[in-house]
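K.L.:
Let me give you the structure first, and then I'll get to my questions.
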Amino acid sequence: MTLQKKVQVIGGGLAGTEAAWQIAQAGVAVILHEMRPLHTSPAHHSDHLAELVCSNSFGAQASDRAAGLLHEELRQLGSIVIRKADEHQVPAGGALAVDRGAFSQDLTRTLAAHPLIELRRGEVQCIPESGVVVLATGPLTSPVLSDQLRGLTGLDYLSFFDAASPIVMGESINREIAFLASRYDRGEAAYLNCPMTRGQYLAFWQSLCEAEQAELKDFDRESARFFEGCLPVEEQARRGEDTLRYGPLKPVGIFDARRGDWRSPENQGDRPYAVVQLRQEDKAGQLWNMVGFQTNLRWGEQKRVFRMIPGLETAEFVRLGVMHRNTFLNAPQLLYNTLQFKQRSTLLGAGQLIGTEGYTAAAAGGWLAGTNAARIALGLDPVVLPPELMSGALFEFISSASPRHFQPMPPNFGIIPTLPQKIRNKRDRYGAYRDRALARLTTWKSEVVGPGIQGPIAVF
């Protein structure tokens with residue numbers, strides 16, 4: 001088939017690099033736009049593609065861990081990013097970590113040598129109105145392109161500062177302490193409530209005030225000045241002993257029905273002194289968001305302090321709180337699970353821009369967006385990754401979560417459909433998730449990818 005236009009990929013990070021490679025491997029010509037070195041960002045230090053800006057780790061390597069399973073899925077799908085990560089791996093315990101410089105330099109050379117990839121240096125100030133386009137501009141999208149995105153999506157669908165609360169695995173919450181209830185029993189009981197006595201609250205408040213915060217980068221501090229609607233929970237706590245009790249931990253109107261009728265005079269003394277609420281994050285109720293707990297505490301401190309909350313003593317966090325400069329779309333409002341925009345089927349998104357977290361998730365988004373961009377250019381139907389896969393579950397989540405409360409999501413087992421049988425041992429359960437995912441991937445490749453595009457699985 002003769003193509004009328006080259007596919008365009010905007011952004012040379014992990015997602016854009018992966019997308020461009022998959023498009024070219026499918027036999028479709030692609031232009032990869034990267035603004036560096038003509039225009040720089042506050043986070044980058046070189047002009048290489050796929051530069052790792054915060055860490056050299058792609059996360060846990062074992063395939064019975066969320067990140068490790070995603071690594072293995074991408075290996076089997078022919079990911080160039082994971083292939084180069086494996087080649088440039090450095091010792092890091094159980095993590096897949098790389099030599100940052102060698103990794104990005106090798107990817108840059110490899111893509112530049114591909115006969116179907118044209119690398120253009122310069123800032124893209126306008127999203128192309130025609131042709132197949134992949135947007136992979138990352139968390140530090142330039143102001144000019146951000147304005148373009150605002151015009152395309154509407155201001156309400158774009159965030160510029162990521163202040164996210166921790167998310168807890170539902171099965172790790174102690175339901176003998178936490179209870180479902182709505183305030184004053186109004187409407188459906190939609191929140192899990194962790195009640196505190198005065199002594200428990202004061203101990204928690206003191207630890208929260210004294211906990212160590214992470215240091216914001218200069219560009220994060222600049223962004224934070226303009227984000228007044230989401231004060232970190234530790235900053236609220238430092239304003240006074242009762243600030244949280246009149247804010248996110250307000251106990252008014254919340255009662256545990258297991259203790260009887262809250263209207264009865266004999267139960268008035270059972271009212272909690274403070275209450276931490278958790279909101280259901282996914283359709284299946286496997287993930288719960290700590291309401292009002294946006295935080296800039298160090299990750300180790302978050303685990304230590306938040307496990308002081310009754311009911312969360314053994315909480316398993318699938319995402320910890322973050323506060324940093326980030327541009328991300330309200331994906332459930334805007335994207336299908338093929339990563340196509342609902343408003344324009346020839347426009348696709350990938351990477352942190354679409355609300356996924358982590359290097360490996362960015363590469364996975366690049367793989368799917370690139371594969372589907374190539375398929376669209378060749379007149380084929382786009383593919384959907386099975387939800388039993390870590391990658392498929394991640395893209396299903398970001399395209400179907402509640403738009404009202406959407407926040408970026410990392411790979412985690414809480415978003416994968418539950419197993420038909422209950423397995424209590426966590427390691428065995430995660431191993432079963434892995435085995436099911438990889439078996440499903442094998443059949444899916446033969447059923448869908450094989451007959452369509454052989455390119456994404458080939459090695460250049």
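K.L.:
Compute and list, largest first, the equivalent-ellipsoid semi-axes of the stretch 304-460 from the alpha carbon gyration tensor, each √(5λ) rounded to a whole angstrom.
P.N.:
Semi-axes from the Cα gyration tensor: 29, 22, 12 Å.
K.L.:
Moving on to the next point. Just the accessible area per residue of the stretch 83-126, please: how many Å² with a 1.4 Å probe?
P.N.:
That works out to 49 Å² per residue.
K.L.:
Nearest 0.05, what FRET efficiency do residue 90 and residue 47 give at R0 = 22 Å with Cβ-Cβ as r?
P.N.:
FRET efficiency, residue 90 to residue 47: 0.45.
K.L.:
Taking a probe of 1.4 angstrom, what is the accessible area of residue 130 in Å², to the nearest 10?
P.N.:
Surface open to solvent at residue 130 totals about 60 Å².
K.L.:
Which FRET efficiency value, to the nearest 0.05, is calculated for residue 189 and residue 113 with the Förster distance at 56 angstrom and r the Cβ-Cβ distance?
P.N.:
0.40
K.L.:
Which semi-axis lengths, in whole Å and largest first, follow from the square roots of five times the eigenvalues of the Cα gyration tensor of the stretch 300-369?
P.N.:
32, 12, 11
K.L.:
Apply 1/(1 + (r/R0)^6) to the Cβ-Cβ distance of residue 425 and residue 174, taking R0 = 25 Å, and write down the FRET efficiency to the nearest 0.05.
P.N.:
About 0.85, to the nearest 0.05.
The values are calculated or read from the model by the stated rules, or taken from the named source; none is laboratory data. For clarity, every value in this text was computed on a predicted model and none was experimentally measured. FYI the Cβ positions are ideal-geometry reconstructions off the backbone, even for glycines, and counts take in every protein chain you see. When the accessible area is computed, the model is the full protein with side chains, heavy atoms only, and any ligands, DNA or RNA have been set aside. Shrake-Rupley method; radii C 1.70, N 1.55, O 1.52, S 1.80 Å.
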